[in-house]
Structure formats: C-alpha cells, structure tokens
Amino acid sequence: MDFDVDLFVIGAGSGGVRAARFSAEFGARVAIAEKNSLGGTCVNVGCIPKKLFAYSATYADEFKNAAGFGWSSNYLSFNWNKLIENKNLEIKRLNNIYRSLLEKSGVILYEEHARFIDSNTVIVGNKKIRAANILISTGSWPFVPNISGIENSITSNEIFFLPKLPKHMIIVGGGYIAVEFASIFKNLNVRISQIYRGSIFLRGFDQSVREHLRDEFLIKGIDLHFNTDITRIEKHSNDLLYVYLKNGEKIETNSILYATGRRPMLDELGLENTNVILDHHGFVQVNDFNQTSDPTIFAIGDVTGHSRLTPVAIAEGSALAKKLFNQKDYHPVDYNFIPTAVFSIPNVATIGYTEKEARNKGYEVSIFESKFKPLKLSLTNNIEKTLVKIIVNKHTDKVLGCHMVGPYAGEILQGISIAIKMGATKKDFDDTMAIHPTLAEEFVCLRTIGQ
Ligand code: NDP
C-alpha cells in the first residue's frame, strides 16, 4: 500500500515527541499533529511550571529559616505576576526547544487537530494523510465531578495562569496535584482548605508517609477536611464562593481548585472509525508493546492509563520507535520499581512497595524508619521533621521499598532507585559509607528494626 508517512503521531507531549523524533532518526518518514502548545501537559500545565511554582514557594521557608543563621531583611516581598511572567517565558523557551528538536530530526509538524478516518488515515485541518502506523499520544485532561456550581471552580489547566493570588483557596482531592498545590499555595501565603473524600490523602502511598505529610500540613496551618466532599458550590459574588460539604459545613472561599484525577483525552479523535478498544475506565487498551486492538494503531502515555508519569511516557515512546523502526535495539519498558515524587512541601518520594503492599504480597518484612529534624533547620524555629523508611525482605535482605518525606526527597530517591533496581540488600545499604552530614545519609545509617 502507498502511505504518505511511516508513522503519524497524534499529540506532541513528552511521549509523542520522543516517539516521533526517534522514529525519524531511525529513518522513518514521520509527521506529528498538535493543536495546543508543544510539550503537552508536562511542559505547559504540569510538571515543569508546577516545579517552578514549588521552587518559588520553597523560598518562603528559606527566607524564614535564614533568620536563625544570622540573616535579616526588611525588604522581602512576593510578586505573583512576576512569577507568572517569568514562568511563561521559560515555558515558551521549552516550547521552542521541542519545535527545533522535531525540525532537526525531520518530523513534519501539523499544528492542528487530527482525527481518524480509518485505521490508516487521519485528517489534519483539511488534509488527509495515509500512515502505515498511527500513534495516539494525546495524554489526559482534568476530570471534575458533575456537581451544582462546578463551573465556578478551576483545574490544574487554569491554576498556572491565575491573574492574582486569592486570599483563600479550597483544594479538592487527595492525590499528587492536590497535595502539591495545597502546600505550594500555602507557602505563597494563601489560606488553604483541602477537602478529601477519604480518611487520609495520598492513597497508595506508604501509611507512614501519608501520616507524616498530614502532620506537616497541619503544622503549616493547612485546614484539612478528610472524609467529606463538596455537595454544591454557590457563587455569591465575583470573588466569593459558598461551598457546602457533605458533613454539613459551609466554607466561604475565593477560589476552588479541583484536582480529582485525569481522564484520557480522546475527544473528537474519531476512534469510532477504528477498531481501537477502550478499557472500562475509558483508557486505550494496549498490549506489551503499546499496540492497540487495531494492529496499525499504537498508544502511549496517559491515554493508556498505565503509570501516568512523564518518564514512563518517554520510555514508551522510545521503545515503540525501536520496535517499529530499529528492532535490534528494542527492549520492552520495565514497569517494575518506578520511582516517583510528589512535589509537595515537604517533598515525598518513593520507590518500591509500601509496607502494606509488601505484607499483602506475603513478604515477611523488617521495617527501618527514622524521623528527625534536619541539621539545616537546627538553628531555626522550624519544627518540620524528615521521614525516611525502608522495607526489607526478612529472608533475602533485599530492600523492597524506600520512602521519604523531606527536602530534596525526589533528588535523593532518584539515586537510591538505581540501587533498588539492581536488587540492593539492606547489607549493601549498611556497607555504603555515609556522606556526612547530609539528609541522605540517613538511608545508610538505619540500624534499628522498627517492627
Ligand atoms: P490522582 O489520581 O493522583 O488523585 C485524584 C484524587 O481525586 C484522589 O485523591 C481521588 O480520591 C480524588 N477523586 C477522584 N474522583 C473524585 C470525585 N469524583 N470526587 C472527589 N474526589 C475524587 O490525580 P491527580 O489529578 O492528582 O493527578 C493525576 C495523575 O497525574 C497522577 O495520578 C499522577 O500519575 C500524575 N501526576 C504526577 C505528578 C508527579 O509525578 N509529581 C504530579 C501531578 C500529577 P481517591 O483517593 O479516593 O480515589
């Protein structure tokens, strides 16, 4: 059959761009369509701007802590619009990098919506393109529940462009985005009420981590409402919303951020013209090498609902490009022991099993856990504590999970995750010389079994 391209990619986020670039560099003829900004959620309304906000918010603590180390200043002030302006410039720079990466590898870019006509054809604008393979990398989109007044709330799509900081914000949800923004905005002097339907946030994380972060949030003065949910929202005036909770409470607020999960972005994609099958949550079903039930169509990243993390989408994009156009270098994505961090303040980072998961899987475990005040806070009034926890298989001594809540947790766990992937034992940790004095040394100095 005569095709215009060997691969057509729909969605130029982290995964789609990686698949397109690598495929083109392997010699394939590749085109990509993106109707929004290049780089997808991560670059535009996700990881990158969120981390910039988190850095900004962390300075608030640094300035306060500096007093104990002899510094004083009467001139501290925070300018939200400056942060947004600088963030926007940085994101624009990254958008341009994505563009030049695509151009340099010879990928044809269509800055338009693409839609399936059949399993090998898409329409972009008014141009029909025949492709030997088509990749869906359209990512995900915030999900909000359908309650009365929900139109008065915002999501993570809008939070990065707020014209001004509200005095009070309600944050709904108990996942990554909710805890990140609750602590970021609290540090930026916004009063925060967080509402979560479960008994404690960060479901799926280790219980010690969840409890530790809850306690730190309470110390920060975040107003936590667990075991409840919003039943309706009433707009009182442009700047004042009344929020009614299941438990009968009413909260007055200026802004409501819904962070209640993300749904696969498949709107207007024309999937009905293909044989692609969705799972019962609406995510695209794929096999081990990201092929859908329609053999010429593939899907990677958030749209498959696997691990909705940028590095996973990138790994899937690389693997798919190799599978299709450079078979000799292909190896499947390894989904075991994926490290992850929540950029709340303090950070959470984790790799491997939680204590509960390890026990549920039938492992007999030894738990090593330490809570301590970091040296960096010793001369300050800051009572924040850091938590480190290791879960060890009692019989083989293998480390099954490492968890941390504290500054630089993401940076520290990234290093430790190499050891865990390589099958490190607790003895390997113990035999590793500490770098003293650091926060990270705690991981190689844990001697006492907790339980
Ligand atoms: P999460 O899936 O992490 O959390 C969603 C939260 O919303 C949960 O607490 C969930 O409760 C709650 N929720 C879901 N539906 C409802 C509802 N109808 N009413 C009330 N509450 C509800 O989603 P996020 O939106 O925080 O993030 C999406 C994904 O993006 C994450 O899972 C993660 O993979 C990725 N991400 C990664 C980041 C990182 O790596 N640092 C940062 C941000 C996002 P319950 O627990 O009861 O289900």
Selection from region 1-19 of residues surrounded by 23 or more Cβ atoms within 10 Å (Cβ to Cβ) and of a type outside the set (A, V, I, L, M) yields Phe8, Gly11, Gly13, Ser14, Gly15, Gly16, Arg18
Determine, yes or no, whether Phe78 is surrounded by 18 or more Cβ atoms within 10 Å (Cβ to Cβ) and in contact with a helix residue (DSSP H, G or I) (Cβ under 9 Å, 6 or more places away or on another chain). no
Say whether the condition of being touching a Gly at 6+ places or on another chain (Cβ under 8 Å), surrounded by fewer than 20 Cβ atoms within 10 Å (Cβ to Cβ), part of a strand (DSSP E or B) and not assigned by TED's automatic domain parsing to the domain that holds Ile367 is met by at least one residue in region 194-210. no
Being touching a residue at least 40 places away in the same chain (Cβ under 8 Å) and part of a loop (DSSP other than H, G, I, E, B) is the filter here; which residues of region 296-311 pass it? Thr296, Ile300, Gly305, Arg308
Only residues that are of a type in the set (Asp, Glu) and assigned to a strand (DSSP E or B): list them for region 1-46, please. Asp6
When you go through Phe69, Phe22, Phe63 one by one, which is the residue that is surrounded by fewer than 22 Cβ atoms within 10 Å (Cβ to Cβ), touching a residue at least 40 places away in the same chain (Cβ under 8 Å) and of a type outside the set (Asp, Glu)? Phe69
Select from region 227-274 the residues that are free of Cβ contacts under 8 Å to residues at least 40 places away in the same chain and assigned to a strand (DSSP E or B) and write down the one among them that is farthest from Asn157 (Cα to Cα). Lys250
Give me a count of the residues in region 297-321 that are surrounded by fewer than 19 Cβ atoms within 10 Å (Cβ to Cβ) and either within 23 Å of Val5 (Cα to Cα) or modelled with pLDDT of 95 or more (or both). 1
Give the residue that is surrounded by the fewest Cβ atoms within 10 Å (Cβ to Cβ), with candidates limited to residues of region 28-47 that are away from the ligand (no atom under 13 Å from the Cβ) and β-branched (Val, Ile, Thr). Val43
Does region 32-44 include one or more residues that are more than 23 Å from the chain's Cα centre (by Cα) and either within 30 Å of Ala131 (Cβ to Cβ) or in contact (Cβ under 8 Å) with a residue 60 or more places away in the chain (or both)? yes
Where the second residue is among the small types (Gly, Ala, Ser) and part of a loop (DSSP other than H, G, I, E, B) and the first is in the same structural domain as Lys394 (by TED's automatic domain parsing) and within 14 Å of Val209 (Cα to Cα) and lies in region 348-371, which pairs have Cβ atoms under 8 Å and are six or more apart or on separate chains? Thr354/Gly204; Ile367/Gly450; Phe368/Gly450; Glu369/Gly450
In the list Gly175, Gly139, which residue meets the criterion of being surrounded by fewer than 23 Cβ atoms within 10 Å (Cβ to Cβ), more than 22 Å from Asn81 (Cα to Cα) and in contact (Cβ under 8 Å) with a residue 12 or more places away in the chain? Gly175
Out of the strands (runs of 3 or more DSSP E) lying entirely within region 85-169, which hold 3 or more residues that are modelled with pLDDT of 95 or more and within 16 Å of the ligand (Cβ to nearest atom)? 140-142
Would region 120-130 turn up any residue that is polar (S, T, N, Q), surrounded by 15 or more Cβ atoms within 10 Å (Cβ to Cβ) and more than 23 Å from Phe226 (Cα to Cα)? yes
Can you spot a residue in region 74-83 that is at pLDDT below 95 and among the hydrophobic types (A, V, I, L, M, F, W, C)? yes
Checked region 245-259 for anything crowded, with 20+ Cβ neighbours inside 10 Å, within 13 Å of Tyr196 (Cβ to Cβ) and not hydrophobic (A, V, I, L, M, F, W, C); matches are Tyr258
For the list (1) more than 29 Å from Asn120 (Cα to Cα); (2) part of a strand (DSSP E or B), I need the number of the one condition that Phe337 fails. (2)
Across (1) farther than 30 Å from Leu320 by Cβ; (2) touching a strand residue (DSSP E or B) at 6+ places or on another chain (Cβ under 9 Å); (3) loosely packed, with under 15 Cβ neighbours inside 10 Å, Ile230 clears everything bar (3)
Looking at Ile314, Ile338 in this structure, which one is in contact with a Leu (Cβ under 8 Å, 6 or more places away or on another chain) and within 16 Å of the ligand (Cβ to nearest atom)? Ile338
Any idea which residue in region 266-287 is surrounded by the fewest Cβ atoms within 10 Å (Cβ to Cβ), counting only those that are more than 25 Å from the chain's Cα centre (by Cα) and closer than 23 Å to Val333 by Cα? Ile277
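The values are calculated or read from the model by the stated rules, or taken from the named source; none is laboratory data. Computed from a prediction, not measured in an experiment: that's the story for all the values here. FYI the Cβ positions are ideal-geometry reconstructions off the backbone, even for glycines, and counts take in every protein chain you see.
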